[in-house]
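In what follows, a single structure is set out as structure tokens and then discussed.
The values are calculated or read from the model by the stated rules, or taken from the named source; none is laboratory data. Since the structure is predicted, the reported quantities are computational estimates derived from the model, not experimental observations. Neighbour counts are summed over all protein chains in view; Cβ atoms, including those assigned to glycine, are modelled from backbone coordinates with ideal geometry. For accessibility, only protein heavy atoms count, side chains too; no ligands or nucleic acids. Shrake-Rupley method; radii C 1.70, N 1.55, O 1.52, S 1.80 Å.
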Amino acid sequence: MLSPTRLYHILGVLCGLILLTPLLFFPSYTQPFSTSKVIIFLLLTELALPCYLAILFQKEKPLAHLRQPILLVLAAFTLTLVVSSLVGIDPLNSFLGTFQRPVSVLVFIHGFLVVLYFWELFSHRERSKRTYTTILIVVATLIALYSLFESWLFPGFTTHGGRVASVLGNPIFFASFLILPLFFSLARACDHTERKRNLYRVASAIMLVGILLSGTRGALVGLLAAGIFWLGAKAFTRRDQLTDVLGKTLAAFVVCGALLFAIASLAPEQTGLSRLVELTGANVQSRLAYWEMGLRGWQQAPVLGLGPGNFYRLADQMFTQETYDSSTAWPDKPHNIAIEWLATTGIVGFALYLALLFFLYREGLRAGLTDQRLVLMAGLTAYVVQGQFVFHVFSELLTFLFFIAWIMPPLPAKQAVRPVSASKLAFSLGSILAIVGIIAYVLPSHALAYTVGTAERSLRNDPQTALAHYQAAAAQRIIPDDTLIANKYVLLVQSFVKASMLEAQTVDEAINQHEASIKRHTLRARLWSDLGFLYYLKANLQETSVAQEGMDAALRAAQLAPGRFEPKRVLALVHLKNGNVTEAKAIVESLLEMFPDTPSLYLILSEIAFKEGDLRLAADHGQRGTIGEIENASKQQVLWFAELLVSFQEFDKIIELYQAWIDENPEDPSLLPNLAAAYAQIGEKEKAIDTANLLKQLDPSQAQAANAFIEALE
């Protein structure tokens, strides 16, 4: 059995590594900015469990620390998440989450363990708190420093309209992660006994600039709220100098606010700074719509909610035509932590969330109103306020868990020691639990993330190779995220359609994946809608009517998401394929009234017109719809509509069609001869010659034919 000193040492190293996880970014993974961090976090937490249990059960009263109110509320909240997930509408989604939204009940359970780990370390050795806080500040500073040079000195991993995201993949995630480390650093900078105050001031400045460059308005509101909190608290502590303190602080706020507004207003468009003063737009409207969904929908399950992570059900039910004006996404989060807990965990989870915040403030303020403590509580205020504009993501949640452990008073320094046998038993039990967790979830998650990530990199240029990887992913014995594979199969099928390589076997595999996923997530409208579309594609390949299962899937999707466009579009396609032209036309026309100028609807109208014998209308609708959805159009589709337009001498429309496809597929010059010929037909000789010369440049094997074409024109 390891000695207590060795156990603490191992636990300390593992906890230090946990704080490094926000730096991790594995490009070979799918969703690399989140899966990389979460998988390693779970692995390290599992590995630390035996050491922690061994340390805990060396004590005479191992559960005595549960009297701490903050820990009791956190434990109750975590238990509520578990119970809510079990009685909710989608237990598997609640408990395991998805790779896109990995902060699940499982992550919260591990997060609770991490709070225990850090609290134990902080109580065992007082300087540990300082050491780990320094690690967190350094990690956050490095991530923020990377953002300052992102895209011009260091590579930018994602593009967000001039906003920075560093190694977190999203500007919002990046800014929310920096909030608490920023205030930990500011607290150090306010400590007059701190010899490295200037270093912490520089670190704080770097993090603050990173937040501003992210263009995250919620984080800015959080910082303003922190300033207001600090102002009020400072005035309370200096009531004899109240007027002086308020005057100077308000003046500083006005100057800083005016300066920031001026800089943001003068900043170039499409940058993080310019976005800070944009208070209207589709993004703001979509957030307001999501908040309304959560506030209206929580009464469906008022006590324990729909289950953590299941906000998608409310969004499917309440999505309206007006919501499409600001967003076409399938939302699964309300972008407001408080509303999310209310809607998904009911009044019980929401009350415990508020109780946790109450006890954190109480503990933080009753420890003394020093400058350092006031700065930290201002940081908590900033974190809570910015949380009303975002949802929990891993790196941000990690900083909050660390803050919880940091703010709790230490455990008693000395406790009676139990026999070594109890510690050995606890270590063995922890080892078994860790092994089970690693084998049952961590390793399968790694395999799935890597395999799907490999497939994604070859999807556009080599869908056949991508298919082999997706088949390997689907063949895993344990699949932590079955919706991931189902959704990726849809993208794969679309790639095969575009390349005119789709086979019935591939569609059957996609259908099987969707049907298996639907058995676990019966209320996901998007899965039902995609399943109906896959049955439609299968019928196209086999030149038969759509199977009844496809019709049922489309009807079920429309029932689950009555306000959404996509299920009704699929339903129209199924009706049309089955010969129900009148029903299909009625659906499409009603959709066009709500969503005019939608390209996919014009493609359906084109097929309807073709069936009705109106070839001119079919050609016009087809050209309009194909250009609007050119990213999904196949070459055969473009050629078919172009041939139809030739019969009506619509060469201007043919040129628009060819040019759109060539712009979307610059690596494929095969339609350049057609474009050159179309230019020649309308007398545009110079453009025809330029196009022929471009063909020679991109495809030297066509040089002889291109030269002959040019000679004929001249």
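For region 1-37, taking the residues that are surrounded by fewer than 18 Cβ atoms within 10 Å (Cβ to Cβ) and of a type in the set (Gly, Ala, Ser), the one that is farthest from the chain's Cα centre (by Cα) is identified as Ser3. Just one of the listed residues (Gly368, Gly379) is crowded, with 22+ Cβ neighbours inside 10 Å, of a type in the set (Gly, Ala, Ser) and out of contact with any strand residue (DSSP E or B) (no Cβ under 7 Å at 6 or more places or on another chain), namely Gly379. Against the test of being in contact with a Pro (Cβ under 7 Å, 6 or more places away or on another chain), farther than 20 Å from Ser495 by Cα and buried (at least 21 other Cβ atoms within 10 Å of the Cβ), the options Ala584, Ala557 yield a single qualifying residue, Ala557. Residue count for region 303-325 satisfying the condition of being in contact with a Leu (Cβ under 9 Å, 6 or more places away or on another chain) and surrounded by fewer than 20 Cβ atoms within 10 Å (Cβ to Cβ): 1.
Within region 123-135, count every residue that is within 26 Å of Val202 (Cβ to Cβ) and open to solvent by less than 40 Å² (accessible area, probe 1.4 Å). So the answer is 3. Quick one: count up the residues across region 293-302 that are open to solvent by 10 Å² or more (accessible area, probe 1.4 Å), in a helix (DSSP H, G or I) and in contact (Cβ under 8 Å) with a residue 24 or more places away in the chain. Within region 293-302, residues that are open to solvent by 10 Å² or more (accessible area, probe 1.4 Å), in a helix (DSSP H, G or I) and in contact (Cβ under 8 Å) with a residue 24 or more places away in the chain number 2.
What do you reckon, is Val497 buried (at least 22 other Cβ atoms within 10 Å of the Cβ), at pLDDT below 95 and either assigned to a helix (DSSP H, G or I) or at positive phi (or both)? Taking the combined requirement at face value, the residue does not satisfy it. Checking each residue in region 656-689 for being surrounded by 15 or more Cβ atoms within 10 Å (Cβ to Cβ), over 38 Å from the mean Cα position of the chain (by Cα) and among the charged types (D, E, K, R) picks out Glu684, Lys687.
Taken over region 206-230, the criterion of being of a type in the set (A, V, I, L, M) and open to solvent by 40 Å² or more (accessible area, probe 1.4 Å) is satisfied by Leu208, Val209, Leu213, Val221, Leu224, Ile228. For Arg457, only one of the following conditions fails: (1) at pLDDT 95 or above; (2) closer than 13 Å to Tyr29 by Cβ; (3) surrounded by fewer than 17 Cβ atoms within 10 Å (Cβ to Cβ). What is its number? In the conditions (1) at pLDDT 95 or above; (2) closer than 13 Å to Tyr29 by Cβ; (3) surrounded by fewer than 17 Cβ atoms within 10 Å (Cβ to Cβ), Arg457 misses (1) alone. With Ala226, Ala252, Ala267 as the choices, which residue is in contact with a Ser or Thr (Cβ under 9 Å, 6 or more places away or on another chain) and modelled with pLDDT under 75? Answer to the check: Ala267. Restricting Glu593, Glu607 to residues that are open to solvent by 40 Å² or more (accessible area, probe 1.4 Å), without any contact (Cβ under 8 Å) to a residue 12 or more places away in the chain, assigned to a helix (DSSP H, G or I) and not small (Gly, Ala, Ser) narrows the list to Glu593.
Here is a yes/no grid of residues against (1) under 23 Å from Leu306 (Cβ atoms); (2) of a type in the set (A, V, I, L, M, F, W, C); (3) part of a helix (DSSP H, G or I):
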{"site": "Pro331", "(1), (2), (3)": "yes, no, no"}
{"site": "Ile339", "(1), (2), (3)": "yes, yes, yes"}
{"site": "Ile347", "(1), (2), (3)": "yes, yes, yes"}
{"site": "Ala351", "(1), (2), (3)": "yes, yes, yes"}
{"site": "Ala355", "(1), (2), (3)": "yes, yes, yes"}
{"site": "Gly368", "(1), (2), (3)": "no, no, no"}
{"site": "Gly379", "(1), (2), (3)": "no, no, yes"}
{"site": "Gly387", "(1), (2), (3)": "yes, no, yes"}
{"site": "His392", "(1), (2), (3)": "yes, no, no"}
